[in-house]
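Working notes for the structure below.
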Amino acid sequence: MSNATQTNEIVHSVSFLDRDSLNIPTLRILQADGSVYKDAVLPSIDEETAKRMYDTCVFIRVLDERMLGAQRQGRISFYMTCTGEEAAVIGSAAALQDKDVILAQYREQAALRYRGFTIEQFMDQMFSNAKDLGKGRQMPIHYGSQALNYHTVSSPLGTQIPQATGVAYSLKMNNDKAVSICYFGEGAASEGDFHAGLNMAATLNAPALFFCRNNGYAISTPAEEQFKGNGIASRGVGYGMHTIRVDGNDMLAVLAATQAARDFAVENNKPVLIEAMSYRVGAHSSSDDPSGYRSKEEEDVWRAQDPVARFKSWMLAQGWLSEEEDEALYAKYREEVLAQVKVSEKVEAPHIDELINDVYDEPTPLLQKQLKELKEHVNKYPQAYPKTAGRF
Amino acid sequence: MAQMNMLQAINDALAIEMEKNDKMLVFGEDVGHFGGVFRATSGLKEKFGPDRCFNTPLTEQGIAGFANGLAANGHTPVAEIQFADYIFPAFDQIVNESAKFRYRSGSEFNVGGLTYRTPYGGGIAGGHYHSQSPEAYFTQTPGLKVVVPRNPEQAKGLLLASIRDKNPVVFFEPKRLYRASVGEVPEGDYEHELGKADVVQQGTDITVLAWGAQMEIVEKAAEMAAKDGISCEVIDLRSLSPWDVETVAESVKKTGRLLINHEAPLTGGFAGEIAATIQQECFLYLESPIARVCGLDTPYPLIHEKEYMPDALKTYEAIKSTMNF
């Protein structure tokens, strides 16, 4: 049958399917107190990996807390925290190999850190200084690194989804035995690019992992105004794609699901959709105040399900972490982050020539002319252009 | 008269027309209870109910297509695209559908009641994707009207005219001025006619033309030039499509010189269209080449925003060069 629509059963009276026709279970391995469910199948995890995952949790908690503070003090212009979603991002990133390509939305700084992005690299980007890999061109948190296989973040929502399909197809054609992983929120899943990307991945057999952080809100819009279906996971089934829903606040469940998804994708050259159920505990961004659209009580319910605390309890029980080590880790990162802020904010802005570089592989004659005229103008009024005046 | 900022003036215009026209609907991302990320639609859901002011799912192509359908069936949709930088997923619905609905059907159908509102422009440390001025993509599309207000009083009158216009309108709001621009706004209903430029300052030596947020920039440059004894005639184009050739040409015939300023990149920007038309209309009156002070031909940069922008100093220098040609 050329049409993949299988007719399994013929009926002779009208009956409709609805959102409850599909029963989607949620994978959970860790209980609220950090103990493991009796019948749970644990992911593959050793002490070194677990420590690296926990270390990333603490680093990101400190980074988010300090940089939101720095934004409030006017030291950087913008910030976005990933508070509450650390397990979803770190659990999935830890299931990958370094050759796997990450296409983030914008709230996945923890995955980048897990890959090895340094404090200095984070700060240089946020302060838009001359050492920023992105040359100061984008707003804070729009990180990217070719060396770490992490595509540079772009603000428009959902554009990375079909791109991840293209990356995955390329990996397949190169026989790299690698996947792309694409992060996005349940809000971005309303964009047309979501449909395009997932349908193409399914039809073209691209080994892409589509990782949806269903965190309940798209700025002010709650998930119940975003879609009426059974989450995002129900759509994966419609695309004919392997699909799993996982407790996004459970580090081990996310790790297990992503490990299995990666194995399946690489072995079969097929995509997988993972829906991680979580909550955006912080505001959408430093420009947003959630008190206008949701209650403190609702936030508190989710604060009590803190994914980092749950994972920490498990680490403590494993004997892979002590309270003293935990405190020392927070203290160390607080000190390092603060010290790096002081260094990076003093690094000068990118050179004025960077304005016209990278528009094309080489600046066009017209761009060169515009730069020359700009320099003459800046020389005439140096006080009006303090970031670049006197430096060429 | 009341003191209002631009957001309040826009909100006032929306409320006035929603009161008068029960077919008018306001929607977009976060526009319902939250009132939009800039609060332009604050209180409208509470006042007119959740069926007339509401959140949509996060899909600009969906918002635009939905608006086309509503308008084709006789409603008056006012659709918000959260940032003009995010209008591109809706490009197909706007350019191929809104703009051609009437023409392709021989006027069997039209979406004339449709208005897209969207904040545009830089100066807010917004980097590539919260700063762009994409008006020229739309001025090259026959069937669309394109309007840009410069202050609260203008925003209210132009928005009311746009909503009531019998053609689809893309209404670009200068977000840098949303709260920064405060002024006297008449109470109640009034309109500013679309397609008409506004001469905001009479002058004799050079015509300086801009629109939206760049108006205050060119007015500042004109002030600087006045100290050098140069008399600028400052014009706000207001409507880019259709645009008021007559008023601009009349001014240039008087002054003999023209400078056009816009935030969007130089190449392919709307200033090119104006320059071509004015040299045709005023060739024998021109005493110097028409000057363009525009954004650089680069994506909108974050850290080099000041260097990129066609600011008052660059405009002042260009006024002097044009005078001294």
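The values are calculated or read from the model by the stated rules, or taken from the named source; none is laboratory data. Here the structure is a predicted model, which means the values were calculated and not measured. Glycine gets a Cβ as well: all are built from the backbone with ideal geometry, and neighbour counts include every protein chain shown.
Looking at the range A:359-370 only, could you name the residues that are under 30 Å from A:GLU120 (Cβ atoms) and out of contact with any Pro (no Cβ under 9 Å at 6 or more places or on another chain)?
At the first step, the residues of the range A:359-370 found to be under 30 Å from A:GLU120 (Cβ atoms) are A:359-363.
Within the range A:359-370, A:TYR360, A:ASP361, A:GLU362, A:PRO363 qualify.
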Which numbered condition A:TYR106 fails, given (1) more than 14 Å from chain B (Cβ to nearest Cβ); (2) of a type outside the set (Lys, Arg); (3) out of contact with any helix residue (DSSP H, G or I) (no Cβ under 9 Å at 6 or more places or on another chain): (1)
Top-ranked residue of the range B:71-105 - restricted to ones that are assigned to a helix (DSSP H, G or I) and β-branched (Val, Ile, Thr), ranked as nearest to B:ALA161 (Cα to Cα): B:ILE94
The range A:232-257, residues that are within 14 Å of another protein chain (Cβ to nearest Cβ) and surrounded by fewer than 24 Cβ atoms within 10 Å (Cβ to Cβ): A:ARG235
Residues satisfying the stated conditions in the range A:199-231, i.e. of a type outside the set (Val, Ile, Thr), out of contact with any strand residue (DSSP E or B) (no Cβ under 6 Å at 6 or more places or on another chain) and more than 14 Å from chain B (Cβ to nearest Cβ): A:ASN199, A:MET200, A:ALA202, A:LEU204, A:ASN205, A:ALA206, A:PRO207, A:ASN230
Qualifying residue in the range B:28-36 (condition: crowded, with 22+ Cβ neighbours inside 10 Å, over 20 Å from A:GLY158 (Cβ atoms), touching a Ser or Thr at 6+ places or on another chain (Cβ under 6 Å) and assigned by TED's automatic domain parsing to the domain that holds B:PRO119): yes
Tally of residues being within 14 Å of chain B (Cβ to nearest Cβ) and not in a helix (DSSP H, G or I) across the range A:138-187: 19
Near pairs, Cβ below 9 angstrom, 6+ apart or cross-chain, from the range A:352-381 (free of Cβ contacts under 8 Å to residues at least 12 places away in the same chain and more than 7 Å from chain B (Cβ to nearest Cβ)) to any residue that is surrounded by 12 or more Cβ atoms within 10 Å (Cβ to Cβ) and of a type in the set (A, V, I, L, M): A:TYR360/A:LEU367; A:PRO363/A:ILE356; A:PRO363/A:LEU371; A:THR364/A:ILE356; A:ASN379/A:ALA389; A:LYS380/B:LEU313
Candidate set from the range B:273-325 (those that are within 13 Å of chain A (Cβ to nearest Cβ) and small (Gly, Ala, Ser)); member that is surrounded by the most Cβ atoms within 10 Å (Cβ to Cβ): B:GLY295
Criterion violated by B:GLY269 - all others in (1) more than 14 Å from chain A (Cβ to nearest Cβ); (2) in contact with a strand residue (DSSP E or B) (Cβ under 6 Å, 6 or more places away or on another chain) satisfied: (1)
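Please verify whether the range B:43-54 includes one or more residues that are within 9 Å of chain A (Cβ to nearest Cβ) and under 22 Å from B:ARG102 (Cα atoms).
The first filter runs over the range B:43-54 and keeps only residues within 9 Å of chain A (Cβ to nearest Cβ), leaving B:54.
With under 22 Å from B:ARG102 (Cα atoms) added as a condition, the list becomes none.
Taking every residue of the range B:43-54 in turn, none turns out to be within 9 Å of chain A (Cβ to nearest Cβ) and under 22 Å from B:ARG102 (Cα atoms).
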Which numbered condition B:GLY203 fails, given (1) in the same structural domain as B:THR277 (by TED's automatic domain parsing); (2) crowded, with 24+ Cβ neighbours inside 10 Å: (2)
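For (1) under 12 Å from the mean Cα position of the chain (by Cα); (2) surrounded by fewer than 19 Cβ atoms within 10 Å (Cβ to Cβ), each residue gets a yes or a no:
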| position | (1), (2) |
| --- | --- |
| B:PRO89 | no, no |
| B:GLY127 | no, no |
| B:PRO134 | yes, yes |
| B:GLN154 | yes, no |
| B:ILE163 | no, no |
Subset of the range B:106-131 (residues that are within 19 Å of B:ILE163 (Cα to Cα) and either more than 14 Å from chain A (Cβ to nearest Cβ) or out of contact with any His (no Cβ under 9 Å at 6 or more places or on another chain) (or both)): B:PHE109, B:ASN110, B:VAL111, B:GLY112, B:GLY113, B:LEU114, B:THR115, B:TYR116, B:ARG117, B:THR118, B:TYR120
Selection from the range A:6-34 of residues that are assigned to a loop (DSSP other than H, G, I, E, B) and surrounded by 10 or more Cβ atoms within 10 Å (Cβ to Cβ): A:LEU22, A:ILE24, A:ARG28, A:ILE29, A:GLN31, A:ALA32, A:ASP33, A:GLY34
Test for A:THR49: is it outside any helix (DSSP H, G or I), more than 25 Å from A:VAL343 (Cα to Cα) and touching a residue at least 24 places away in the same chain (Cβ under 8 Å): no
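Could you identify the single residue in A:ALA384, A:ALA389 that is more than 32 Å from the chain's Cα centre (by Cα), facing another protein chain (nearest Cβ under 7 Å), under 15 Å from B:ILE303 (Cα atoms) and surrounded by fewer than 19 Cβ atoms within 10 Å (Cβ to Cβ)? Give the steps one after another, and end with the answer.
Working: A:ALA389 fails: facing another protein chain (nearest Cβ under 7 Å).
Criteria check complete, one pass: A:ALA384.
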Lone unmet requirement of (1) more than 14 Å from chain A (Cβ to nearest Cβ); (2) in contact (Cβ under 8 Å) with a residue 12 or more places away in the chain; (3) out of contact with any strand residue (DSSP E or B) (no Cβ under 6 Å at 6 or more places or on another chain) for B:ILE260: (3)
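Would you say B:ALA71 is touching a Pro at 6+ places or on another chain (Cβ under 6 Å), touching a residue at least 12 places away in the same chain (Cβ under 8 Å), over 22 Å from A:ALA196 (Cα atoms) and within 14 Å of chain A (Cβ to nearest Cβ)?
Details: touching a Pro at 6+ places or on another chain (Cβ under 6 Å): yes; touching a residue at least 12 places away in the same chain (Cβ under 8 Å): yes; over 22 Å from A:ALA196 (Cα atoms): yes; within 14 Å of chain A (Cβ to nearest Cβ): no.
Here the answer is no, as B:ALA71 does not meet what is asked.
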Matching residues in the range B:55-68 - criterion: being within 14 Å of chain A (Cβ to nearest Cβ) and small (Gly, Ala, Ser): B:GLY62, B:ALA64, B:GLY65
Contacts under 8 angstrom Cβ, first residue in the range A:319-336 being exposed (fewer than 14 other Cβ atoms within 10 Å of the Cβ), partner in a helix (DSSP H, G or I), 6 or more apart: A:SER322/A:LEU316; A:GLU323/A:LEU316
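For every residue, the table says whether it meets (1) buried (at least 22 other Cβ atoms within 10 Å of the Cβ); (2) outside the structural domain of A:VAL266 (by TED's automatic domain parsing); (3) in contact (Cβ under 8 Å) with a residue 24 or more places away in the chain.
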| site | (1), (2), (3) |
| --- | --- |
| A:SER155 | no, no, yes |
| A:ALA164 | yes, no, yes |
| A:ASN175 | no, no, no |
| A:ALA208 | yes, no, yes |
| A:PRO222 | no, no, yes |
Residue ID - nearest to the chain's Cα centre (by Cα), chosen from residues in the range A:36-76 that are of a type in the set (Gly, Ala, Ser) and buried (at least 19 other Cβ atoms within 10 Å of the Cβ): A:ALA50
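Looking at this structure, is B:VAL95 of a type in the set (A, V, I, L, M), buried (at least 24 other Cβ atoms within 10 Å of the Cβ) and either away from every other protein chain (no Cβ under 14 Å) or in contact with a Lys or Arg (Cβ under 7 Å, 6 or more places away or on another chain) (or both)?
Working: of a type in the set (A, V, I, L, M): yes; buried (at least 24 other Cβ atoms within 10 Å of the Cβ): no; either away from every other protein chain (no Cβ under 14 Å) or in contact with a Lys or Arg (Cβ under 7 Å, 6 or more places away or on another chain) (or both): yes.
Judged against the criteria, B:VAL95 is not a match.
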The range B:194-208 - residue that is out of contact with any Leu (no Cβ under 7 Å at 6 or more places or on another chain) and not aliphatic (A, V, I, L, M) and, of those, farthest from B:ARG257 (Cα to Cα): B:GLY195
